[in-house]
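> Mind looking over this structure? Questions follow.
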Amino acid sequence: MNPKYFVHPFVDTGLGNSAYLIGSHESKKAILIDPLRDVDRYLHTASQLGLTLTHVLDTHLHADFISGNREIAQQTNAVIGASATAEIFFEHQPLTEDSIIDLGAFQIRVMTTPGHSPEHISFLITDENKNPSALFSGGALIVGGAARTDLLGHEHTHSLAHDLYETIHHKLLKLPDEVNVFPTHGAGSFCIAPASSERTTTIGNERKNNHLAQPQTEEEFIKRSLTGLPAYPTYYKYMRGLNQQGAKILGGVPVLKPLSASEVKAQMDNDVVVLDVRHFKQFGAGHIPNSYGIFVNAPLVVWAGWVIPFEAKIILVAESTDQRVDATRQLIRIGYDNLVGYLDGGIEAWAREYPVESVQNINAKDLRERLNEVNVIDVRRLSEWNDGHIPNATHVEGGRLAWEDFHFPQDKPLVIQCASGNRSMVAISVLKRQGYKNILQAEGGINQWKLNNFELQRN
């Protein structure tokens, strides 16, 4: 690494993404790449390090979160930099191939790197002799792979895969092996196929270990890049447009209004949805009827964006102030801004005035004995299902339950199963809202089934 600058990463494990603060030791100037919308942590770190933010840069129009670029610009007067082909409707510096951002001791050169999206750019740090040392690659190159090309619809998938092949093989792999690579997308992101848990890499490592960086024909590359892609959350379809138009500037994380149980009840009668972000076991033990149950660590940011209508007005039920604030942060990152308030006093306050519902569990031993008496619905990802599942179970990725028309037989109890319980409780809350009554949760999910060494079926 060049001693004249340093890189401070900010990893969000919920979205599976990283933002990067790059600072100059000499000038004390800094830039920020691909920030989330709640920007206080970036500003706090920059302040602690004595840095002045001059630019906030985006590698592409994000499909999985709202960029924090306008929040940063409002609070710091930093210049927003984005691809000249992104068709952004607010003030920014359009960046093209070989555009230069000069921080004195080092420069940041723009590289056009389409593939993950058509307007995608990457940022290459070079010294005064134009020697490259670090690449901020967004989704153009990640550890063990590259970000998917199918997020703009089937009609664009193959042309973007072609662009990605050109980007990787005819541009990025031309860089020296020692160049450090800092991707935005990483493990946990639905913008990628399953990849390494490592967050950073080098060109040399990817040349050796990345299956998309191996010598291959374009046809082989496209086939590999389109294999194993999971379903992705429904909120993705809103993010690109919001990042083009510019989402509302919040000026910080909103402080929600406390609501009494009766006020919550009145709001529910007006089609406001209740989102319970407590642990799934707490939700199962007692919750407000017709509420969504999504544990804040599920992660909330993915599952809320998958199952809750995007324009919904939301009231939170949380266990603590910290949990409520965490939930608020996650929701605004993906544009859920219609936050009406929270249930003051938590579920206990509701239970003093109104009935609660619960979810019955069934353990692995009882489930095995009753397999002929129930219908098992496995809501894990397809890759998990293919690794082994309960015999005669039905597979439906959990997020699809809210938006696709499934008609499960109700002559037997439905047993909803995931890996451990988080996702199955989300699915149960969705199914209960759809009118299903006789629902059980597979306690401990497939993990408990495996611990008992029960038979697994593989397709």
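> Hey, among D38, D102, which residue is free of Cβ contacts under 8 Å to residues at least 24 places away in the same chain and more than 27 Å from E166 (Cβ to Cβ)?
Selected residue: D102, the only one of D38, D102 that is free of Cβ contacts under 8 Å to residues at least 24 places away in the same chain and more than 27 Å from E166 (Cβ to Cβ).
> Test of understanding: among L212, L175, which residue is of a type in the set (A, V, I, L, M), out of contact with any Cys (no Cβ under 7 Å at 6 or more places or on another chain) and either exposed (fewer than 14 other Cβ atoms within 10 Å of the Cβ) or farther than 14 Å from G145 by Cβ (or both)?
The match here is L175.
> Restricting to helices (runs of 4 or more DSSP H) lying wholly in segment 377-459: which have 3 or more residues that are under 24 Å from N290 (Cβ atoms)?
In segment 377-459, 422-433 are the helices (runs of 4 or more DSSP H) which contain 3 or more residues that are under 24 Å from N290 (Cβ atoms).
> Follow-up. Can you report the number of residues in segment 215-230 which are in contact (Cβ under 8 Å) with a residue 40 or more places away in the chain, buried (at least 17 other Cβ atoms within 10 Å of the Cβ) and charged (D, E, K, R)?
Counting residues in segment 215-230 that are in contact (Cβ under 8 Å) with a residue 40 or more places away in the chain, buried (at least 17 other Cβ atoms within 10 Å of the Cβ) and charged (D, E, K, R) gives 0.
> Tally the residues that are out of contact with any Asp or Glu (no Cβ under 8 Å at 6 or more places or on another chain) and buried (at least 19 other Cβ atoms within 10 Å of the Cβ), restricting the search to segment 342-373.
Selection size over segment 342-373: 5.
> Follow-up question, since we're still on this one. Right, Q267: part of a helix (DSSP H, G or I) and over 26 Å from H62 (Cα atoms) or not?
It is true that Q267 is part of a helix (DSSP H, G or I) and over 26 Å from H62 (Cα atoms).
> Hey, another quick one. So, R240, is that one surrounded by 18 or more Cβ atoms within 10 Å (Cβ to Cβ), at pLDDT 95 or above and charged (D, E, K, R) or not?
yes
> Can you tell me which residue in segment 22-42 is nearest to R333 (Cα to Cα), limited to those that are crowded, with 21+ Cβ neighbours inside 10 Å and more than 18 Å from the chain's Cα centre (by Cα)?
Among them, the one singled out is Y42.
> Identify the residue in segment 3-46 that is outside any loop (DSSP other than H, G, I, E, B) and among the basic types (K, R) and, among all such residues, is farthest from M239 (Cα to Cα).
Out of the qualifying residues, it is K29.
> Continuing with this model, one more query. Would you confirm whether any residue within segment 159-176 is touching a Gly at 6+ places or on another chain (Cβ under 8 Å), part of a strand (DSSP E or B) and under 30 Å from K4 (Cα atoms)?
For segment 159-176, residues touching a Gly at 6+ places or on another chain (Cβ under 8 Å), part of a strand (DSSP E or B) and under 30 Å from K4 (Cα atoms): absent.
The values are calculated or read from the model by the stated rules, or taken from the named source; none is laboratory data. This one's a predicted model, so the numbers in the text were calculated from it and none came from an experiment. Here the Cβ is made from the backbone with ideal geometry for all residues, glycine too, and neighbour counts use every protein chain on show.
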